[in-house]
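Only one structure is covered here, and it is reproduced in the block below.
Derivation of every value follows stated rules applied to the coordinates shown; laboratory data play no part. As the structure is a computational prediction, the values presented were derived from the model and not from experiment. Here Cβ is always computed from backbone atoms with ideal geometry, including for glycine, and neighbour counts include all displayed protein chains.
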Amino acid sequence: MDSNNKTYWKGLEELNPTPEFEALQKREFAEDLPIEEILSGKANDSSVMPRRDFLKSLGFGVGAVALAACNKTPVNKAIPYLIKPEEITPGIPNYYTGVSKDGYGILVKTREGRPIKIEGNPSCPIAQGGVDAAGHASVIDLYDSTKLQSPLLKGAASSWEDVDAFVKEELTKVNASGKKIVLLTDSINSPSTNAAIADFIKAYPTAVQVTYDAVSYSGIINANKNSFDKAVVPSYKFDNAELIVSFGADFLGTWISPVEFAAQYASKRNARHLKETKSMSRHIQFETEMSLTGSNADVRIPVRPSQSGLALIGLYNSVAKLAGAQTFSVETPEFAGNIIAKTAKELWEKKGKSLVVAGSNDVSVQILVNAINALLTNYGSTIDLDNASQQYKGNDAEVVELVNEMNRGTVGALIVYGVNPSYSYPKAAEFTAALKKVAVKISFAEREDETSKEFEVIAPDHHSLEAWTDAEPRKGVFLIGQPTINPIYDTRAAQKSLLVWANNPVEYLDYVKNVWNTTIFPQVGAGIFQDQWDNLLRQGVVKTAGVAAQSYTFAKDLGTVVSTITNNSKAAAGKVELTVFKHTNVGDGRNANNPLLQELPDPVSKVTWDNYVAISEKFAKEQGIAEFDVVKVEGNGYSVELPVILQPGQAYGTVSIALGYGRTAAGKAGNEVGKNVYPFVSIINGSLQNFNAVSINKTGDSIELARTQTHHSIEGRDIIRETTVSAYANDPSAGSHGHHDLAEISEKDEKDQAKRDKYGNLKLLNLWEDKEKKGHHWGMAIDLNACTGCGSCIVSCNIENNVAVVGRDEVRRRREMHWLRIDRYYAKVEEGTEGFMGHDSKEEAVEVIHQPMLCQHCDHAPCETVCPVLATMHSSEGLNQMAYNRCFGTRYCANNCPYKVRRFNWFNYADNDKFDYYMNNPMGKLVLNPDVVVRSRGVMEKCSFCVQRIQAGKLKAKMENRPLKDGDVKTACQQSCPANAIIFGDINDPESEVSKLLHNERTYYVLESIGVQPGIGYLTAVRNKEKVVAEHGHGGHNHEAKAESHS
Amino acid sequence: MSKNSNVFLKTCLKKGVLILTIAFLSVAQAFAADPKEGETLFKANCTACHAVGKRVTGPDLKNVDQRHDEAWLVKWVHDSQAMVKGGDAAAVKVFGEFSQQVMPSFANLSEDNVKSILAYIKQEGEALDKKAAAAPAGGATAADSGTSSYTIFGLLGLVVVLFLVIVVLNRVIKTLEQLVLTRKAEGSISETEEEEEAVPSKFVQTIKILASNKKVIALSIVAVLVVGSAWSWKEMWEVGVTQNYQPAQPIKFSHKVHAGVNQINCQYCHSGAWKSKNASIPSANVCMNCHNQINEYKGEALVDADGEKIDGTAEIQKIYQALDYDPATQKYGTSQRPIEWVRIHNLPDFAYFNHSQHVKVAEESIRAAKGLKAEDPVCYACHGEVAKMDEVYQASQLTMQWCVDCHRSTEMKHAPKNHYYDGMVELHEKIKKGEKVTVAQMGGLECAKCHY
């Protein structure tokens, strides 16, 4: 039944199983249960209870239960508002427009005045209704009770009046002395904040703003300045690109604007695009570590960092040859199948519809990328320099210079806003030492972090949900965010603080309105301010018409660029090359204290609560390193000891470690989680480079990482299906034939023995009664070709459904509570197809597929059959219901679930100080969804298809006296998926999107052959790659030949 | 005891006042100004903003005839704004004092009408003065402390009586003991004689025979067991069932007065019930919509569940306390504290109940199922006749069985009219045929309808 004869695996243990692993897989529980011993009475004496003791305990137990039942019914209070705000009706949520921390538009759901959930804002042209994992998780930071609750003056809690008096006096002194006041910020694209900073600088003429991004894009900015005299990060249009070539740019995970890019990327690869055009974009990734983006690529080539620049020169040469431009004789590495020359040829064929990006922060590399894109005439179509991105503006050279100035003593005051250089600056120790030479140090941090620990003043800023926020993420796109709650603690907007210190103590709202009235609305068009403002608050966004993207030609000499890249490559080359990268979940470290993000598995390695050294299996074997061995990584005058994981797809001879871990003053969830690897970032020619030559040595220790990867073994079953785009074009059901055969079998001759042998007796013999599907029948379609595996849906689900965080130890025991997981499957690149590196190659070429896995709401659910108390049963609307108050925890259902999506509550996570994350304190509880029960110990839980949203959607339709429309009910995972990979709806409505998708030729059901009739259809993954050498003809024919030989 | 005497005194006083008023009325009738007519006019036109004896929205009208002359007052009533604009010093002063609130013009009132009103005001003012003069003599101040002393005295009395009983019983015991001792000493009764004397009666004999019969014993044990288990079974089902729960509330709010006597619609206060899952307890500002005017209770006497009398006016004051509101100046202070009502209807956390689904969507079906009268609100279906309750209690069981029973029997009467059900052809056909379609048949018994 396999649609292809690839072998998928989830972890290397599964690919090369040891006897222990195999034994473990066969067992229901990972740990030993002493059942046999107890039954045979051979267990140690303590576990055998004499009859009298048993009776005593029984009597005591019954008595205790009886006594406990005699409790008086508690008296509950109902406390109404004294004066109810007009817009609040208890029980009904309100939505407000907001701006996420990463500067895209969101909607904030509030209940009784408390923000409880972040949703996507479909009006936002950047995110297009998507939200990433960090955006979802940020709502719990609002209720973090360990944040500063008032301003600090010289380390002691103080009042705003005292702080203001002190700061004004000190700043005036510094200003008078002529020393610099440096405002060190991250990239700010908020028009109002920038105006406030300008006002501040006006009031203190010695003040300057230095923009510092821990993960910097100054290479791109400087390259564009050099190439086209435009110092900007351009807007990339992945939705216009038919061929994407990325050199280490993780644009789906972390690079510049991942939510935006994921939406653009998916729009060229999703079901609709495939159906309409029979084609999809093609994506070739050259990279060192297996990134989220690389895992989605059609062809992925592992490259050592020292070779990446040379490969790019090779690509340039090949393109230039085709374009008739200047070439350089540099020895370039070549990969199997002459992939670079082939890529250049393809690029040339897709001139104007292709895009080359590079993740490097090296200005030379970026100039070369500009040259390639210019030769390919991509400017104006896939790259827009005129409506540039405003998301990153950091200037590495200025930061390097700032440290020098601080050391020279010319900086009199330092105001730190939104950055944490004592943690994230590569030479953090140097920076911290230099701080001592600055007389006045002020921070807007939410807590005493690594940088602000010994600052004179900490003036804590509001959480973004408490403040008026605005943003201009792209030139001409303006977003606004309203405060959704009164400030919880005695904090103050940083902008307001700056204005107060600049002797302009206006209400910040008035200030924001004024900025919009005077600078933004005039750009958008004439109108009455109040109307424009009201409309803005309703939509959250206004746009200017924008200018047409121009095409640019590249006319600089590349000689020095090429020689710089060659020299850098030589310098980086070593026995072991290290890359460090921004982590998809914790980002550059500012999300480290968010327990939801710590527990969200890394999208590729599935490791939680730690960073680690990723290394390829072959290289590790040669070094004598096994998985989980702790190694010491040394280089750049720094060393860390971290456990190793064997990462398929990691370039040979390299190791990679995620940034953002190892915080020491992030808060209780983020402190001492993993190790800080920022010091490995090298500063080359004034810019931050994320690679270095290192050495690795075993320390002899071993640490088991908390990984969700091997929890759910594939057992060699046909769970993942994929095909190639040409096979799809010939036969749209390529890859999912199994499903179509199964669908037909009931109609065909029941006595077809061959079919029965092949598919079992499905539909011919059935344990369950077929139920009529009346009324609504809820179902879901997941497009495996759109899903990037980013994990945003998991966090959205966690917050919507009050799913508990369990912590590293419990994840190690395989007890994570996530209702929705994303299974990641590896497959070896087949011989004879693109990306195959050869059998004796040191590079392990692998392909990856991500598959969201949640309760399948089977119509014939096996879990329901085995529940002794009918705590889980089926609804007439096709839901597999779970009644927590009836469940008493036999876990039979989990055992009988073919998809392993049921999670058991081993503890009372919500009221347990052992799980000190957010649910156990009164502040943290405020984020819980009041419409969903917080489960207690001893019950099973699982995805409910967001039944609370279904019920709310139905009720809304009834109240409005109308039929339910498609789209009225959106599950939490669906609502904010940046790629729109998840579609939920009523499959009995033939016009609904989901029923159309489920009738798509690509649809198949996971483990369909066991006859459980799952309610979630998956759409086959399609890869845009071809065989290098045609072996048995093409596409569909080939597929059938394979299918036959397989069956 | 003191309470009774108070009541008696108060009745006397009231009667006295009444007699005096009647006497006064008969005298006053001779004038053109008719206080009786004035009373009607006053209640129809003036009470929205004025009262005699206290300041409401407008000034206290007591002794208004002494503050201004009659002609001025007539002019003022007819068009106060003209006087203010005309610069009349007294008019400007009053206008300023009452935060420039415009008194509407009553041009429709004739001069005689105004005079009648003034006569009524004067009469009321005098009646108030007399009442005030009588009050200290009547010892009305004692009324407040009634309840607590009553209980204490009662308890003390009980203690004394019990003590006396103990003393008397002790005495009796001692006397009897002594009697026995003296008789024993005398040897007049031997113990054997005593036994012989006690000849068992027939009844006792039968009992003894029955008690020695094993079958009877077995049968009795079985009977006791059966009755006992039946009883405990019934009792156990009711563990945690809080039907008829009627806690004392921080404000002795009477639904009877509001929803019954004054016919205020349930939605006026419980506005959430029609649009949200929560019926919502009204916030104090909703109370103030009426109670910024109505600051004393003048209706029928109220008693609480224990038969204690309730001072309605004092209860209204509690709203003011919560809001830190000063009725005299009509200003809100800053030390506001929410009112902590005791929740009567408690559903467990794992049960989701939505008022709007029942009250708005399914109103017709519920009315039919519960046989509610057309004039009764649908709320009665579960909350009982709230408009007849002074203190609300939990009228229904609120158990799952209670919910489910209703879902089993209630027909989907509302479905044909609500377009939500348009696509459900089968449902419509059944209803057309006159078949019974219950909530349960529509999935109303499925767990995830209420538990998620």
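Length available on full extension from B:Ser105 to B:Lys214: 0.36 nm per residue minus the Cα-Cα distance, which gives 29.5 nm. A P(r) calculated from all alpha carbon pairs of region A:357-510, with 5 Å bins opening at zero, reads 2, 7, 12, 15, 15, 14, 13, 11, 7, 4, 1, 0 percent.
When a/c reaches 1.5 or more, the comparison of a/b and b/c decides; with that in mind, is region A:159-267 rounded, prolate or oblate per its Cα gyration tensor? It comes out prolate by the Cα gyration axes.
Ranking A:Ala727, A:His737, A:Cys897 by how far each Cα lies toward the positive end of the dipole of region A:722-1023 (charges on Cβ) leaves A:Cys897 at the top. Cα convex hull, region B:255-409: 139 Å³ per residue, rounded to a whole number. Note on region B:217-260 and region B:97-113: Cα centroid distance 60 Å, given to the nearest whole angstrom. Using the Cβ-Cβ distance between A:Tyr892 and B:Trp231 with R0 = 35 Å, the FRET efficiency computed as 1/(1 + (r/R0)^6) comes to roughly 0.45.
In the protein assembly as shown, taking the dipole from charged Cβ atoms about the Cα centre, the farthest positive-side position among A:Val542, B:Gln397, A:Trp516 is held by B:Gln397. Only one residue of A:Thr382, A:Leu67, A:Gln326 has its Cα farthest out toward the positive end of the dipole of chain A, where Lys and Arg carry +1 and Asp and Glu -1 on Cβ, and that residue is A:Leu67.
Under the convention that each Lys and Arg Cβ holds +1 and each Asp and Glu Cβ holds -1, the size of the dipole of region B:303-452 around its Cα centre is about 660 debye. The phi-based Karplus calculation (6.51 cos²θ - 1.76 cosθ + 1.60; θ = phi - 60°) puts the 3J(HN,Hα) values of region A:292-302 at 4, 5, x, 5, 9, 5, 6, 10, 10, 10, x Hz, whole numbers, x for Gly and Pro. Legend: calculated FRET efficiency, A:Asp490 to A:Glu87, from the Cβ-Cβ distance at R0 = 30 Å, rounded to 0.05, equals 0.75. Charging the Cβ of each Asp and Glu at -1 and of each Lys and Arg at +1, and nothing else, the dipole of the protein assembly as shown about its Cα centre rounds to 1440 debye. Using only Cα coordinates, the Kirkwood hydrodynamic radius of region A:722-1023 works out to 21.1 Å. I'd like the distance separating the alpha-carbon centroids of region A:281-308 and region A:155-193, in whole Å. Result: 45 Å between the Cα centres.
Rounded to the nearest Hz, the phi-derived 3J(HN,Hα) couplings of region A:108-119 under the Karplus curve 6.51 cos²θ - 1.76 cosθ + 1.60 (θ = phi - 60°) are 10, 8, 10, 10, 6, x, 10, x, 10, 7, 10, 10, where x marks glycine and proline. Going from the residue with the fewest nearby Cβ atoms within 10 Å to the one with the most, B:Trp402, B:Trp233, A:Trp501, B:Trp341 rank B:Trp233, B:Trp402, B:Trp341, A:Trp501.
Distance from the C-alpha centroid of region B:34-58 to that of region B:308-387: 31 Å, rounded to the whole angstrom. Across all Cα atoms of region A:257-301, the radius of gyration (one decimal) and Dmax (whole number) stand at 11.6, 35 Å. If you plug the beta carbon distance of B:Trp402 and B:Glu340 into 1/(1 + (r/R0)^6) with R0 = 30 Å, you get a FRET efficiency near 0.60. Here region A:806-920 was treated as a single set of alpha-carbon atoms; its pair distances binned every 5 Å from 0 give 2, 10, 14, 15, 13, 12, 10, 8, 6, 6, 3, 1 percent.
Give the shape of chain B as rounded, prolate or oblate, defined through the alpha-carbon gyration tensor: a ≥ b ≥ c are the square roots of its eigenvalues, a/c under 1.5 means rounded, and otherwise the shape is prolate if a/b is larger than b/c and oblate if not. Since a/c reaches 1.5 but b/c is at least a/b, the shape of chain B is classed as oblate.
For region A:576-702, just say rounded, prolate or oblate: build the C-alpha gyration tensor, square-root its eigenvalues into a ≥ b ≥ c, call rounded for a/c under 1.5, and beyond that prolate if a/b exceeds b/c, oblate if not. It comes out oblate by the Cα gyration axes.
By other beta-carbon atoms within 10 Å, ranking A:Val547, A:Val399 with the fewest at the front produces A:Val547, A:Val399.
Per-residue ellipticity at 222 nm from helix content only, as computed over the protein assembly as shown with -39500 (n - 2.57) for each DSSP H run of at least four residues, stands at -11000 deg cm²/dmol.
Rounded to the nearest 20, the size of the Cβ-charge dipole of region B:35-132 about its Cα centre is 300 debye, with Lys and Arg at +1 and Asp and Glu at -1.
At the listed q of 0.11, 0.17, 0.22 Å⁻¹, the Debye profile of region B:35-132, built from one uniform point per Cα, gives log10 I(q)/I(0) equal to -0.30, -0.73, -1.25.
Residues A:Thr1020, A:Thr484 in ascending order of nearby Cβ atoms (within 10 Å, fewest first): A:Thr484, A:Thr1020. Take the Kirkwood radius over Cα pairs of the protein assembly as shown, plug it into Stokes-Einstein at 25 °C and 0.890 mPa s, and you get 64 µm²/s for translational diffusion.
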